[in-house]
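Below you'll find the structure, written out as structure tokens, and then a few comments.
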Amino acid sequence: VRDHAGIHPDLGTPEEFRSFVARAHRAGLKVIIDFIPNHSSMDSKLLNEHPDYFIHRPAGQGEPPYGYFPHTDPASGRKLWVRHGGYDSYGSKAYWEDTAQVDYSNPALRREMIRIVSRWVSEYGVDGFRVDMAYQVLSGYFGRNWSGEMGGPLPKREFLEELITELKARYPGTAFVAEGY
């Protein structure tokens, strides 16, 4: 995911997507899109605009350790090592080496993700979301996976509960489908 809030130009324009959703609704269909809350691409807009939304540490000398990649904050020039998206694999951590791991201990990231999802409903009329790797952002799993690497403690409220409650309060018919293993 290079831009959680954008439509890739190869897939059309925002106007074309609005038109698609309207045609689907006229045909009696609902439109559900993918929402990937756990990670982004290594060159994502979110990482370039808000590196503090990601699990990271100051860059050291030499190559980054396994599971990290080098990143330079475009705004400040600050050099960081950012974690690849990771998951528990039979007691060891494995990584998707083409991803960057977001940090759900950051309340600002949570607000931004809710803003992005809300925008898909308000601006495009999307009816629901398939939440990719939903279990990865649950506090228990996230805390175990990223213990000692998060920017702070996890908020008491589960992110998905916060997201779904807020969206359904504004848009009651919004559907959510979780991918889980």
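The values are calculated or read from the model by the stated rules, or taken from the named source; none is laboratory data. Small disclaimer: the values here were computed from a predicted structure and weren't measured. No Cβ is skipped: glycine too gets one built from the backbone with ideal geometry, and neighbour counts run over all protein chains shown. When the accessible area is computed, the model is the full protein with side chains, heavy atoms only, and any ligands, DNA or RNA have been set aside. Shrake-Rupley method; radii C 1.70, N 1.55, O 1.52, S 1.80 Å.
Odds and ends about this structure:
- Residues whose placed amide H lies under 5 Å from that of PHE129, excluding near-sequence neighbours: ILE33, ALA175, PHE176, VAL177
- When region 1-92 is described by a simple charge dipole with +1 on each Lys and Arg Cβ and -1 on each Asp and Glu Cβ, the residue from PHE17, ALA75, LEU29 located farthest towards its positive end is LEU29.
- Cα-projected label distance for ALA108 with TYR141, points at 7 Å along beta-carbon direction, nm: 2.7
- The SER41 and LEU11 beta-carbon pair, evaluated with R₀ = 25 Å, returns a calculated FRET efficiency of approximately 0.95.
- With every protein chain in place, the chain: carbon and sulfur % of accessible area (1.4 Å): 55
- Cα centre as origin, Lys/Arg/Asp/Glu Cβ charges: region 6-89 dipole, Debye: 240
- With both labels modelled 7 Å from their Cα along Cα-to-Cβ, the ILE33 to VAL177 distance reads 1.6 nm.
- Per residue value of the accessible surface for the chain (all protein chains in place, 1.4 Å probe), Å²: 53
- Here the dipole of the chain is about 460 debye; that uses its Cα centre as origin and unit charges on the Cβ of Lys and Arg (positive) and Asp and Glu (negative).
- Pairwise FRET efficiency - GLU162 versus ALA24, Cβ, R0 = 25 Å, nearest 0.05: 0.30
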